[in-house]
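First up is the structure itself, then whatever we jot down about it.
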Amino acid sequence: MTAQSLIIGWLYNASGGSLPVAIVAHSAHDTADGLRLAVTTDTQAAADLLQLALYVTAAIAVVVLTHGRLGMRPTVGAATMIGQRPNAVAP
C-alpha cells in the first residue's frame, strides 16, 4: 500500500498537481487487480508477491531517481530552510 501511495503521489506531483492523473492511476491499478483476480486461480499467492515486488521496486526507483522529492518543485525560500543562503555562489 505504501509503495502504491508513493507512486501515485509522484504522478500527482510530477503532473503539476493534477488530481485526474492520480485518479486514473488508482483506477488503472484497481482494474488490473480485478482482472488479475479473475484470471488467477491457485497461483494467487505468487501473483500477490509478484505485484508487491513490482510496486516496491518501482517505488524505490521513484524515490532514488527523484532524490526523495517525488516530483515536488523547490519552493521559494527552500534554500534558507536547509541552512543555505539563497542565490549563493559555489566557490
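Residues that are of a type in the set (Asp, Glu) and assigned to a helix (DSSP H, G or I) within the range 42-61 comprise just one, Asp48.
For the range 14-41, the set of residues classified as free of Cβ contacts under 8 Å to residues at least 12 places away in the same chain, part of a helix (DSSP H, G or I) and of a type in the set (Gly, Ala, Ser) consists of Ser27, Ala28, Ala32, Gly34, Ala38, listed by residue number. Apart from one condition, Gly71 fits all of (1) modelled with pLDDT of 85 or more; (2) touching a helix residue (DSSP H, G or I) at 6+ places or on another chain (Cβ under 6 Å); the exception is (1).
When Gly9 is tested against the conditions (1) in a helix (DSSP H, G or I); (2) surrounded by fewer than 12 Cβ atoms within 10 Å (Cβ to Cβ); (3) among the small types (Gly, Ala, Ser), the lone failure is (2). Do we find that Gly77 is loosely packed, with under 10 Cβ neighbours inside 10 Å, among the small types (Gly, Ala, Ser), at pLDDT below 85 and closer than 19 Å to Thr2 by Cα in this structure? Taking the combined requirement at face value, the residue does not satisfy it.
The values are calculated or read from the model by the stated rules, or taken from the named source; none is laboratory data. This is a predicted model, so every value here is computed, not measured. All Cβ positions, even for glycine, are placed from backbone atoms using ideal geometry, and neighbour counts span all protein chains on display.
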